[in-house]
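All remarks here apply to the structure that follows.
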Amino acid sequence: MSSAPDSRESLRVAEPQAMKREMMQEKTGGMAGRAPGVVLLVGGGHAHVAVLADWIAHGVPGGARGVLLTPDRYLRYSGMVPGWLAGQHGQDEGLVDLAALATRAGAQWMPGRCAAIDPEARVVTTANGHAVAFDIASFDTGGEGRGAVLLGADPRLLEVRPIDALVDRLANLCASRRGPLRFVVAGGGSGGVELAFGLRNAGRNLAWADPRPEVTLAAGEGGLLPGFAPAVRQRVARALARQGIAVIAASARFEDGALMAGPQSLEPADCVIAATGSAAPGWVQASGLATDAAGFIAVDAHQCSPSHRHIFAAGDVAARIDRALAHSGVHAVFAGPVLAANLRAAAAGKAPRAVYRPRRHSLYLLNTGDGSAIASYGPLAAEGRWVLALKHAIDKRWIAQYAALARGA
Ligand SMILES: Cc1cc2nc3c(=O)[nH]c(=O)nc-3n(C[C@H](O)[C@H](O)[C@H](O)COP(=O)(O)OP(=O)(O)OC[C@H]3O[C@@H](n4cnc5c(N)ncnc54)[C@H](O)[C@@H]3O)c2cc1C
């Protein structure tokens with residue numbers, strides 16, 4: 001989980017001429033005065049499923065044609081991946097059927113991956129070279145893995161993103177060896193911590209889980225869970241030690257084919273998982289959209305681009321310009337209904353009004369893989385089996401609401 005820096009100063013703004021045209025469009029609205037056009041959702045992420053739910057309830061806004069451009073039929077809920085590793089969920093339990101939601105919403109699912117966007121011409125180009133024209137577009141594609149950039153290339157390296165590829169590769173790791181598999185997780189944020197716990201407690205649904213995998217967490221120079229309260233960090237450190245997961249406060253890197261952290265060798269390692277936060281997709285930086293310093297799509301409190309008012313974004317691909325906000329699933333989920341309302345306003349030719357106001361603290365429930373979990377809420381921490389039960393209840397309720405919508409229930 002990486003923090004989006006406060007980027008007001010570093011905002012990269014589009015050309016002045018384009019700004020002028022955008023100001024006109026802001027006054028008249030994205031589709032005002034035109035026949036109903038195309039509202040394009042790029043990426044089936046955690047915010048866009050809420051937009052699809054809104055379309056199912058109220059129709060595609062402005063009588064427009066709704067299109068969802070996303071490569072896979074399913075969105076995998078990353079919060080359940082550590083629980084899958086630990087044998088608490090089946091592999092297919094945390095999936096949202098994007099194609100079914102799009103169909104129910106009266107929208108078209110277009111399988112594909114955005115590779116370029118021209119916000120002036122209002123065209124997205126897919127990795128296969130197809131041009132998709134739009135009147136209003138919203139982006140919720142998540143970030144991209146940056147493990148190879150930070151650690152260096154190596155065949156043992158697994159990026160956390162895309163999360164589906166991680167799950168497939170971990171599921172396919174076979175037990176062709178006698179001793180236990182040795183994992184190194186690089187990254188001491190909540191994703192890395194939970195993956196370390198999950199791998200250490202790998203359940204019987206994974207062939208390599210017996211004997212128990214050995215796990216080292218290379219947390220980086222910032223140590224465990226930077227940005228979390230001391231009470232949470234202490235509980236997590238104790239749980240890692242109790243479970244025999246070694247923690248190193250240094251960044252992992254490949255040096256001449258060997259895995260190192262500071263001066264220390266982390267060899268032998270069979271598999272290295274890069275949970276090192278996500279990078280902005282290259283196509284954002286090439287687009288001329290305003291971005292923050294790290295290249296994520298700049299958005300205001302309405303999830304709207306300050307440089308192009310017919311462009312919206314939410315989730316990890318977006319960065320708020322009015323305040324610092326960590327990239328996390330919680331914010332993608334809560335921004336979803338706000339995004340839906342503002343897309344509806346834009347389609348009606350109105351300025352966006354709904355505002356995403358994050359709560360002062362977010363609740364994080366960290367699965368320790370052993371039947372327990374640690375709760376973090378601002379300065380507060382709690383731990384126990386009841387915390388895991390609460391996490392399962394919240395996660396399953398989120399999945400169940402979209403399963404019901406996809407079934408038409
Ligand atoms: C192991 C793990 C556990 C986590 N647990 C939690 C947790 O408990 N709570 C929490 O708040 N956060 C958690 N996170 C962080 C959370 O996963 C992300 O912040 C969240 O997934 C971001 O959601 P998103 O909607 O931005 O993108 P994603 O969930 O990544 O969805 C992006 C979607 O866009 C599609 N897509 C990708 N690229 C393109 C493209 N070029 N064109 C079109 N479509 C594209 C993808 O296929 C996918 O459907 C966890 C992360 C990890 C790694």
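The values are calculated or read from the model by the stated rules, or taken from the named source; none is laboratory data. This one's a predicted model, so the numbers in the text were calculated from it and none came from an experiment. Cβ sites come from the backbone with ideal geometry, for glycine too, and all protein chains shown count toward neighbours. Note: accessible area is taken over every heavy atom of the protein model, side chains too, but ligands, DNA and RNA are not part of it. Shrake-Rupley method; radii C 1.70, N 1.55, O 1.52, S 1.80 Å.
If only residues of the stretch 321-333 that are away from the ligand (no atom under 13 Å from the Cβ) and touching a strand residue (DSSP E or B) at 6+ places or on another chain (Cβ under 8 Å) are counted, the one that is most open to solvent (accessible area, probe 1.4 Å) is A324. Out of curiosity, is R161 within 10 Å of the ligand (Cβ to nearest atom), within 23 Å of the chain's Cα centre (by Cα), open to solvent by 70 Å² or more (accessible area, probe 1.4 Å) and not aliphatic (A, V, I, L, M)? Here the answer is yes, as R161 does meet what is asked. Taking every residue in the stretch 365-379 that is within 19 Å of G329 (Cα to Cα) and pairing it with any residue that is among the aromatic types (F, W, Y) and not in a strand (DSSP E or B), at least 6 positions away or on another chain, the pairs with Cβ-Cβ distances below 6 Å are T368/F197; S376/F228.
Among the candidates L339, L363, the residue that is of a type in the set (A, V, I, L, M, F, W, C), within 12 Å of the ligand (Cβ to nearest atom) and open to solvent by 50 Å² or more (accessible area, probe 1.4 Å) is uniquely L363. Within the stretch 214-233, can one find any residue that is surrounded by fewer than 21 Cβ atoms within 10 Å (Cβ to Cβ), of a type in the set (K, R), in contact with a Gly (Cβ under 9 Å, 6 or more places away or on another chain) and free of Cβ contacts under 8 Å to residues at least 12 places away in the same chain? Checked against the condition, which is being surrounded by fewer than 21 Cβ atoms within 10 Å (Cβ to Cβ), of a type in the set (K, R), in contact with a Gly (Cβ under 9 Å, 6 or more places away or on another chain) and free of Cβ contacts under 8 Å to residues at least 12 places away in the same chain, the stretch 214-233 yields at least one hit. In the set A403, A375, only one residue is modelled with pLDDT of 95 or more and more than 13 Å from the ligand (Cβ to nearest atom); that residue is A403.
Of all residues in the stretch 59-83 being more than 10 Å from the ligand (Cβ to nearest atom) and not β-branched (V, I, T), which is nearest to the chain's Cα centre (by Cα)?
Filtering the stretch 59-83 for residues that are more than 10 Å from the ligand (Cβ to nearest atom) and not β-branched (V, I, T), the one nearest to the chain's Cα centre (by Cα) comes out as G66.
Among the helices (runs of 4 or more DSSP H) confined to the stretch 184-303, the ones with at least 1 residues that are more than 25 Å from A319 (Cα to Cα) are located at 190-200, 230-242. Residues in the stretch 38-50 that are buried (at least 24 other Cβ atoms within 10 Å of the Cβ) and more than 11 Å from the ligand (Cβ to nearest atom): V39 only.
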